[in-house]
Structure formats: C-alpha cells, structure tokens
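*Asks:* Mind looking over this structure? Questions follow.
The values are calculated or read from the model by the stated rules, or taken from the named source; none is laboratory data. Please read all numbers here as calculations on a predicted model, not as lab measurements. Heads up, the Cβs are rebuilt from the backbone with ideal geometry, glycines too, and the neighbour counts pull from every protein chain shown. Surface areas here come from the heavy atoms of the whole protein model, side chains and all, with no ligands, DNA or RNA. Shrake-Rupley method; radii C 1.70, N 1.55, O 1.52, S 1.80 Å.
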Amino acid sequence: MAGEVFSAWRAAGIVAAVRVNPLETEGRADLAAVMQGRPDIVLMSKVAEPSQVAMLDKEVEGLERRLNIPDGFTELAPNIESARGIMQTYDIARASQRITAVVGSTEDMATDLGAPRSKQAIELSYARQRLHHECTAANVLSVDCPYTFADVGGCEADARYARQLGYVAKSAVDPDHVAAINRVMTPSTGEVREAYAIIEAFEAARAAGKDRARHGDLLIEVPFYFSAKRLVARAAELGVKG
C-alpha cells in the first residue's frame, strides 16, 4: 500500500513518513516494502545503539540504488524508547548524515524505567529533557513523545510543557490531538509581536551604546535577543505574522 498511500499524502501536502521495526526483527522486510513508495522519512523503532542507525543507513542506501531513488533522498528519524537509547542519543543522532530528527517515546520508555504512567508524566521528565539537550547538541530536531491519554486538554498541557523545555515538535497517537499540538507548537501572533518588540528594544539600546535593554519588567540581553530572532524566523517559515 505504500506507493498509493504516500502519493495521497503528498497530494494533500503531507510529508510521507513511515516507521519500520528494528532491522534485527522484521525491519528489513518492512523497509523493502515501504521504500517502493519513496518515503521522505523513515523512522525506526527501539533504537538504542548508533550501530543500528549505521545499519539502517546502509540498507536505505542500497534500496535507493535498486529502486532508482536519488542518492540521499530518504531522511532518517530514530525512535528512542529505552534508558539505554536516551544515554546515547547524541551518538545516535550523529550516526548518519541522513538523520534530521530523533523521536521520543512514552509507554516503552516508562516501561523500561519501571515507572507507573501518569498524565503529568513526571516519570518521563528527565528522559524528555535529556533527549532535547542531546538533539540540540547534535543539531537535529527533537520530537517530543506522544501524550497517550485520550483527553485533548491534557494533551495541550503536555505540549505546553514540552514547548517550555524547548521542543518545537511533538508526535501524536490520536488524530484528535493534532490540532492542539500544532496550536501550541506554532508561534501565536501575540508571541510574534512580543518578539518584534524585544528585537526593536534591544537594537535601539545597542544603537545608544547600552549593553542591555528594558522591555516592561524584562531585561533583554544577547541570548534573549537571539531567542526572539529565532521565534520570528520560525513564525515566518510557518506563515505566522505579528
């Protein structure tokens, strides 16, 4: 079904991404099937070692040649689902030039940690922070773990927590959660206006020979200025105007 499904997604303006099992289980058969549809991104579950990514890269490269897919066309996104994987996220993220993102896990991670699940996800706090830190250091996108309870309000709160950690992307297992996640992860017009105000205040202060600026109760220094510039740039990519 891969070719037909991916074509329909692309026609709707959606990136064709697909997750396969680890190569050491059913992954090779999965990969051989889905690569015929030329996916934009291949995710692989239960990645805990950089060697798994290197093996996936090699398999994808061979299939690209066999199927006349342009070399390097297929991006990779390992799915980290264990404590072992979290401890090696940076090395995993750097194991292939194809990697553009690393995806976190909820249920498998909690199971591996022996932690009871809760809507507040306190048991996953360290794993989520560590994943984002290591992805940032490796210069790849970190994708937060899904909210695995049904309520949309809880999902939105969980997405806001992820955004506070620095995430700008979050996975979902329930279609009803998608709108809430996109709403949280997309800068609002109010946030964009505030970012522009911070940029203008800081640049005016610098022009006056000052090291910092004041905007309301906020003291603006270089890091805050750069954060505002990043938010404006991200908003522009998403078509949001202040």
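*Asks:* Look through ALA201, ALA179, ALA121 and report the one residue that is small (Gly, Ala, Ser) and open to solvent by 60 Å² or more (accessible area, probe 1.4 Å).
*Replies:* None of the others qualify; the one that does is ALA179.
*Asks:* Could I ask something else about it? When GLY13 is evaluated against the numbered criteria (1) in a helix (DSSP H, G or I); (2) of a type outside the set (Ser, Thr, Tyr); (3) surrounded by fewer than 21 Cβ atoms within 10 Å (Cβ to Cβ), which criterion, by number, is the only one it fails?
*Replies:* If we test GLY13 against (1) in a helix (DSSP H, G or I); (2) of a type outside the set (Ser, Thr, Tyr); (3) surrounded by fewer than 21 Cβ atoms within 10 Å (Cβ to Cβ), just (1) comes out false.
*Asks:* Identify the single condition in (1) open to solvent by 30 Å² or more (accessible area, probe 1.4 Å); (2) more than 16 Å from the chain's Cα centre (by Cα); (3) closer than 21 Å to ALA110 by Cβ that ASP217 does not satisfy, given that it satisfies every other one.
*Replies:* Going through (1) open to solvent by 30 Å² or more (accessible area, probe 1.4 Å); (2) more than 16 Å from the chain's Cα centre (by Cα); (3) closer than 21 Å to ALA110 by Cβ one by one, ASP217 breaks only (3).
*Asks:* Can you find even one residue in region 126-145 that is of a type in the set (Val, Ile, Thr), over 22 Å from PRO50 (Cβ atoms) and without any contact (Cβ under 8 Å) to a residue 40 or more places away in the chain?
*Replies:* no
*Asks:* Checking the condition open to solvent by 20 Å² or more (accessible area, probe 1.4 Å) and hydroxyl-bearing (Ser, Thr, Tyr), which residue from TYR167, TYR161 passes?
*Replies:* TYR161
*Asks:* Right, here's the next one. Could you say which residue among VAL222, VAL152 is surrounded by 13 or more Cβ atoms within 10 Å (Cβ to Cβ) and not aromatic (Phe, Trp, Tyr)?
*Replies:* Exactly one residue qualifies, and that residue is VAL152.
*Asks:* Could you list, in sequence order, all residues of region 204-239 that are assigned to a loop (DSSP other than H, G, I, E, B) and not charged (D, E, K, R)?
*Replies:* ALA208, GLY209, GLY216, LEU238, GLY239
*Asks:* Name the one entry in LEU56, LEU31, LEU43 that is part of a strand (DSSP E or B) and crowded, with 18+ Cβ neighbours inside 10 Å.
*Replies:* LEU43
*Asks:* A further question on this structure: For region 135-149, which residues satisfy the criterion of being closer than 24 Å to GLN97 by Cα and open to solvent by 30 Å² or more (accessible area, probe 1.4 Å)?
*Replies:* Passing the criteria: THR136, ALA137, ASN139, LEU141.
*Asks:* State yes or no: is ARG19 of a type outside the set (A, V, I, L, M), open to solvent by 20 Å² or more (accessible area, probe 1.4 Å) and part of a strand (DSSP E or B)?
*Replies:* For ARG19, the condition - of a type outside the set (A, V, I, L, M), open to solvent by 20 Å² or more (accessible area, probe 1.4 Å) and part of a strand (DSSP E or B) - is met.
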